[in-house]
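Here the structure is laid out as structure tokens; the discussion comes afterwards.
The values are calculated or read from the model by the stated rules, or taken from the named source; none is laboratory data. All figures in this text were calculated on a predicted structure; none of them were measured in a lab. Every residue, glycine among them, receives a Cβ derived from its backbone with ideal geometry; neighbour counts consider all protein chains shown. These area figures cover heavy atoms from the full protein model, side chains too; ligands, DNA and RNA do not enter into them. Shrake-Rupley method; radii C 1.70, N 1.55, O 1.52, S 1.80 Å.
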Amino acid sequence: MSDIRARDLVRADEGLISRRIFFDPEIYRAELENIFAKSWLYLAHESQIPNPGDYTTNYMGEDPVLIWRGMDGKVRAFLNSCRHRGMRVCRTDAGNARQFACPFHGWTYGNSGELKTVPNFEDGYFGELDKEKWGLHAVPKLTSYGGFIFGNWDADAESLDDYLGDLRWYLDILIERSLGGVEVIPGQQRYSIDGNWKIAAENFVGDSYHLAHSHGSAYGLPIRQINPTNPMVFRDRKLEYYDIAMEGGHGFTQFTLSGERVEIDRMLAAEMGPEIVEYVEECHARLEKLSEAQAKVYALPFGNVFPNFSINDFSALSPIGLYLWTPKGPGSLEVWQWAATDRDAPQVIKDIARIDFTRFQSTAGIVGPDDTENFEQVTQSTAGVVGQRLDFNYQLTLERELVEGFDDVPGYISTYVSEENQRLFYKHWVKLMDDGEGARQAYDKPRLAVQG
Amino acid sequence: MTSPDLQYKVEQFLYREVRMLAEGRYEEWLDLFSEDTRYLMPIRETTATREDSERGEEFIPHIDDDKDFMRARVQRLRHHLAHAEHPPSRLRYFISNIEVDDAEGGAAGDLDVRCNLMVYQSRLERTEKTFVGRREDRLRQENGSYQIASRKVVLDQSLLPRSITIFF
């Protein structure tokens, strides 16, 4: 950013963030450069492309990418654009291909990204075009974590392990609990929102504050009758929830830390029969092998992997929701979302998960569309010059001490509900925007602590 | 060939049905569906072949409702905190290309009805979205009129213009 410093716009320690960051085109441009071209971004899950030649497509920032498993079994990702004149090489959403011929002039690429054939190679390029140099532009860093494939445009970026940091401890819960591994149900729901990508990402990073009011219409429904495995039915139980933020801008909310979520699953399973009881016990036993603390946490339940990859995971009996908030301009985003289950879950659980996903945080669900209304009107209300002079308020539980007493649980634990996760998300955003490279320490000063 | 009388009767049924939706008469609209109905909206994807584009049962759909969940949706929309439709969108439904056939494998008098559908949604000031696709209904004779025993809504968009807060 030429004359704008992110740290002047975001005063997270005071709980004040300028509305400008949600609308300003110059800031958006800088985000594409400093955040989306430098962070590890979620691309796909390995279960979507199990066989050689399988591919799927996505975006990294505004750059279209092709995620393709080569004949050698290795997954690679490429800018989905011909190196000659830039035409989109793959124009289908997913499938299997040994090669793609660019529709424009016919340059043809194999599924390791290599340039195989070029029309007029002999009589036009005199055999001198260096095909080695003109293969598809590869995403230089690509790593899979438990089947979740992430890519990074920055060849010098830290490893995915370092980038995820403490979040790995939580992702391991999701990955290890899933019998046979996580399996994405084929296909993706996609829709547009006329809103800024950050308002969606921060909604997942820790905004449990909005649930009662934004989604109040859903809580009143006879969910128990409609869907017996949905943990929303236990909203009336007084559970001790926590928000947890991690270095690197990641945050998840609505955690229970003393085994409450597995107890809920056990109660639901008991009503569903012995096969489901056994399934829940097996999921739990796998976590106990990881650690006692992870077995007690049991589910994530919802949060955001910086910058724009969100996850829902409330229970072994409900679907895993995967959500990408893909930026399409300062006031526009696309939601790409997938549902997943455990590969070896009982069929009845898989069937319920497929339907359950469509009914809640989903294109036409009873939760997602109210978020759309918020995201759009928040963004559009920042358009005016006067509005842009104001700050948003992130002061919920500001200055409140972190929760201590859960020594085996990594990250910064806040009381529920709080906006601590959002403040840390934006602190990390500032560091990337101003320094051009990530600095891991979100807390500059030691925090007071109280017993949890 | 469908008789002009039958064609007319089915068309009038459909015109009145979509007017209920445009006017937000959702409880009345629900009564048109049988208790064992299925209300389905598959996803669309860009695929190499035309047949694959409409994704089937093994794929995640946008909507796969039974009557109970349709009731829950209507109940939710009546709640004052259903912000996505409070204040309500202005809606206009267009149906055309109505084809009426005897139901394949259905009881005597059951009909398979296909039509094209365009729904225009105008919301607040600047939100204008258009959903375009086709519907495939199974109609059942019921007290001189019809009940919708199943409905499949196949939109043409692989990327929907907005999340869905209305019925099709």
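Which pairs have Cβ atoms under 7 Å, sit 6 or more apart or on different chains, and link a residue in the range B:60-78 that is facing chain A (nearest Cβ under 7 Å) to one that is basic (Lys, Arg) and part of a helix (DSSP H, G or I)?
Filtered contacts from the range B:60-78: B:Ile60/A:Arg354; B:Phe69/A:Arg359.
I need the strands (runs of 3 or more DSSP E) fully contained in the range A:47-103, keeping only those with at least 2 residues that are among the hydroxyl-bearing types (Ser, Thr, Tyr) and in contact (Cβ under 8 Å) with a residue 40 or more places away in the chain.
A:54-60
Out of curiosity, is B:Gln157 within 11 Å of chain A (Cβ to nearest Cβ) and open to solvent by 40 Å² or more (accessible area, probe 1.4 Å)?
Yes.
Any chance you could count how many residues in the range A:389-423 are of a type in the set (Phe, Trp, Tyr) and more than 26 Å from A:Gln294 (Cβ to Cβ)?
2
Determine whether B:Ile164 is crowded, with 17+ Cβ neighbours inside 10 Å, outside any strand (DSSP E or B) and among the β-branched types (Val, Ile, Thr).
The answer is yes for B:Ile164.
Under the condition of being open to solvent by less than 60 Å² (accessible area, probe 1.4 Å) and either part of a strand (DSSP E or B) or free of Cβ contacts under 8 Å to residues at least 12 places away in the same chain (or both), which residue from the range A:369-411 is farthest from the other protein chains (Cβ to nearest Cβ)?
A:Leu402
Being surrounded by fewer than 17 Cβ atoms within 10 Å (Cβ to Cβ) and of a type in the set (D, E, K, R) is the filter here, so list the residues in the range A:133-157 that pass it.
A:Lys133, A:Asp154, A:Asp156
Among the residues of the range B:23-30, is there at least one that is under 16 Å from B:Tyr146 (Cα atoms), crowded, with 18+ Cβ neighbours inside 10 Å and of a type outside the set (A, V, I, L, M, F, W, C)?
Scanning the range B:23-30, I find no residue that is under 16 Å from B:Tyr146 (Cα atoms), crowded, with 18+ Cβ neighbours inside 10 Å and of a type outside the set (A, V, I, L, M, F, W, C), so the answer is no.
Would you call B:Asp64 open to solvent by 90 Å² or more (accessible area, probe 1.4 Å), outside any helix (DSSP H, G or I) and touching a helix residue (DSSP H, G or I) at 6+ places or on another chain (Cβ under 9 Å)?
No, not satisfied.
State all residues of the range A:334-364 that are out of contact with any Gly (no Cβ under 7 Å at 6 or more places or on another chain) and at the interface with chain B (Cβ under 8 Å from one of its Cβ atoms); if no residue qualifies, say none.
Result: A:Glu334, A:Val335, A:Trp338, A:Arg354, A:Ile355, A:Thr363, A:Ala364.
From the list A:Ala339, A:Ala353, pick out the single residue that is open to solvent by less than 10 Å² (accessible area, probe 1.4 Å), modelled with pLDDT of 95 or more and under 20 Å from A:Tyr279 (Cα atoms).
A:Ala339
State all residues of the range A:320-333 that are within 12 Å of chain B (Cβ to nearest Cβ) and open to solvent by 10 Å² or more (accessible area, probe 1.4 Å); if no residue qualifies, say none.
Residues satisfying the conditions are A:Lys328, A:Gly331, A:Ser332.
Can you tell which of B:Thr49, B:Thr37 is free of Cβ contacts under 8 Å to residues at least 60 places away in the same chain and more than 9 Å from chain A (Cβ to nearest Cβ)?
Exactly one residue qualifies, and that residue is B:Thr49.
Please go through the range A:266-293 and give me each residue that is open to solvent by 10 Å² or more (accessible area, probe 1.4 Å), under 14 Å from A:Ile173 (Cα atoms) and either under 26 Å from the mean Cα position of the chain (by Cα) or among the charged types (D, E, K, R) (or both), ordered by number.
A:Glu282, A:His284, A:Arg286, A:Glu288, A:Lys289, A:Leu290, A:Ser291, A:Glu292, A:Ala293
I'd like the residue in the range A:188-219 that is free of Cβ contacts under 8 Å to residues at least 24 places away in the same chain and of a type outside the set (A, V, I, L, M) and, out of all such residues, is farthest from the other protein chains (Cβ to nearest Cβ).
Only one residue tops the list, namely A:Tyr219.
Could you give every pair whose Cβ atoms fall below 7 Å, whose first residue belongs to the range A:241-270 and is under 23 Å from A:Glu281 (Cβ atoms), and whose second residue is in a strand (DSSP E or B) and open to solvent by less than 10 Å² (accessible area, probe 1.4 Å), counting only separations of at least 6 or pairs across chains?
That search, which allows pairs on different chains as well, returns A:Phe255/A:Ile244.
Does A:Gly180 fit the bill of being at pLDDT 95 or above and either within 14 Å of another protein chain (Cβ to nearest Cβ) or surrounded by fewer than 20 Cβ atoms within 10 Å (Cβ to Cβ) (or both)?
When the stated conditions are applied, A:Gly180 passes them.
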